[in-house]
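In what follows, a single structure is set out as structure tokens and then discussed.
The values are calculated or read from the model by the stated rules, or taken from the named source; none is laboratory data. What you are looking at is a predicted structure, and each value in this text was computed from that prediction instead of being measured. Cβ atoms come from the backbone with ideal geometry, glycine included; neighbour counts cover every protein chain shown. Side chains included, ligands, DNA and RNA excluded: accessible areas come from the protein's heavy atoms. Shrake-Rupley method; radii C 1.70, N 1.55, O 1.52, S 1.80 Å.
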Amino acid sequence: MTLDVPTIENSGVAWPEGWRRVPLWALFERVKDVGHPGEEMLSVYRDYGVVKKASRDDNMNKTAENRNIYQLVDDRWLVVNRMKAWQGSVGVSEYRGIVSGHYICFRPRHKEHPRFLNYLLRSQPYVLEYQRISRGVRPNQMEVDNDELRSISIRLPPLEEQRRIANFLDGETRKIDAILLKKIELLSLLDERIDGRILEYIGASRIVDYSDSANPVLPIRRLLSKVVRPAVPGSEVITAFRDGQVATRSSRRVDGYTLPSSAEVQGQYVEAGDVVVHGLDGFAGAIGMSEAAGNCSPVYHVCVPRKGGNSLFLGRLLRVLAVSGYLGLFAFSTRERAVDFRNWDLFGRIPVPDVPLLLQEEIGEWIRFVRPLRILTERSNALAEERRQALITAAVTGQIDVTTAGGVV
């Protein structure tokens, strides 16, 4: 199937007179150059374009042992993630390195401004164009075809105008990114204080300290009871995200998540306040207290605290133990990207610190305090991202005069 979206030519964009129209193939030629295992790994991100893989800590895709299968790209090359182009995972690289063999890579054959092209090809009209030409059995499982991609229409102002637009956007987006970063850093500091307090207790427990005076430990099943409730028709989908939030999928961006092909109700029911553990992605931090009620995958462990335990604290404790690598030591089997903990009998036997209820409540209140700040920050950042994308689209389509808009670098 394809998505019913307008083409670049009938998208309603009022392109300025005098801007040239050329097909993508006139600017780039496809090249697949493999066999360069010593080059630096690069990735394509929806929000950032082409980046050095080592610069990100949220990429769980492991580099294959045989690096000869990766493709070489260089400065000014166009790199397209064929499976996620419709989400905006496209970029003009500023680096030399190697990328996934499944990407589509194009060597430049033009003298246009590379930063302008990077903004243009990642702007909203072009993301919609990638959606239009992508094909697949479901909207969130589509691939872009090279023959369709190379024929899309590229609109180009004179070279000097390209340079002015790129400089303007560099300056304006840098300001927006700085604001976003400050908010994220503040939340990170608050989270570090919470995790630091938990790690202090873990370090003083018999997991680390084998002395008689060490804090006691108990198997997880003595702190949490696993429950299995039938899924409820019409309920929202609950997802455990790797940043520790367990929430409705509709409250987060849903790109990249596979929706079931069957209309029948599947999975199990989660109540707000349950501790939820992803049986495969828990090792990467997909553990926490659910913020809402709904249906989740059967691969999750849905649990309620025993002994009056605090759900916020226990979810955070398990997450800290997961991302620190401790829980993975008890895995029955591992895959390239996941530790398999779908077996509750195995998972429930893992020893963890038995933290006093008063301390659980104290740290739980810290977590409860930070959560509204996180929600407000996420909403604010989402609005800033929308403004960023709208500004880019307006500039690269000639809807604003960057020489009078301010912020020209």
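Some observations on this one:
- Matching residues, the stretch 49-92, being surrounded by 23 or more Cβ atoms within 10 Å (Cβ to Cβ), among the small types (G, A, S) and either modelled with pLDDT of 95 or more or assigned to a loop (DSSP other than H, G, I, E, B) (or both): G88, S89, G91
- Among the numbered conditions (1) modelled with pLDDT of 95 or more; (2) out of contact with any strand residue (DSSP E or B) (no Cβ under 7 Å at 6 or more places or on another chain); (3) among the basic types (K, R), the only one that R132 does not meet is (1).
- Pairs, first more than 12 Å from S290 (Cβ to Cβ) and open to solvent by 70 Å² or more (accessible area, probe 1.4 Å) in the stretch 234-253, second outside any loop (DSSP other than H, G, I, E, B) and not charged (D, E, K, R), C-beta under 7 Å, six or more apart: none
- Filtering the stretch 95-123 to residues that are closer than 18 Å to H36 by Cβ and open to solvent by 10 Å² or more (accessible area, probe 1.4 Å) leaves Y95, R96, S100, G101, H102, Y103, R107.
- Among the candidates G364, G348, G309, G328, the residue that is of a type outside the set (F, W, Y) and under 29 Å from R46 (Cβ atoms) is uniquely G328.
- Exclusive hit being hydroxyl-bearing (S, T, Y) and in contact with a Lys or Arg (Cβ under 8 Å, 6 or more places away or on another chain), set S100, S89: S89
- Unique residue being in contact with a helix residue (DSSP H, G or I) (Cβ under 6 Å, 6 or more places away or on another chain), among the acidic types (D, E) and either under 30 Å from V299 (Cα atoms) or without any contact (Cβ under 8 Å) to a residue 60 or more places away in the chain (or both) when the list is D147, D195: D195
- Scanning the stretch 199-218 for residues that are touching a strand residue (DSSP E or B) at 6+ places or on another chain (Cβ under 6 Å) and in a strand (DSSP E or B), we see that the one that is least open to solvent (accessible area, probe 1.4 Å) is S205.
- Residue that is modelled with the highest pLDDT, among those in the stretch 318-354 that are of a type in the set (V, I, T) and under 12 Å from A284 (Cα atoms): V320
- Considering the conditions (1) hydroxyl-bearing (S, T, Y); (2) open to solvent by less than 40 Å² (accessible area, probe 1.4 Å); (3) more than 20 Å from the chain's Cα centre (by Cα), Y130 is excluded by exactly one of them, (3).
For (1) open to solvent by 70 Å² or more (accessible area, probe 1.4 Å); (2) in contact (Cβ under 8 Å) with a residue 12 or more places away in the chain; (3) out of contact with any Pro (no Cβ under 9 Å at 6 or more places or on another chain); (4) assigned to a helix (DSSP H, G or I), each residue gets a yes or a no:
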position: G308; (1), (2), (3), (4): no, yes, yes, no
position: V355; (1), (2), (3), (4): no, yes, yes, no
position: E361; (1), (2), (3), (4): yes, yes, yes, yes
position: R368; (1), (2), (3), (4): yes, yes, yes, yes
position: I375; (1), (2), (3), (4): no, no, yes, yes
position: N381; (1), (2), (3), (4): no, yes, yes, yes
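- The lone exception for D147 - which of (1) open to solvent by 40 Å² or more (accessible area, probe 1.4 Å); (2) over 17 Å from V13 (Cα atoms); (3) touching a Leu at 6+ places or on another chain (Cβ under 8 Å); (4) not aromatic (F, W, Y) it fails: (3)
- For the stretch 169-198, a residue qualifies if it is under 29 Å from R132 (Cα atoms) and of a type outside the set (D, E, K, R), and the qualifying residues are L169, T173.
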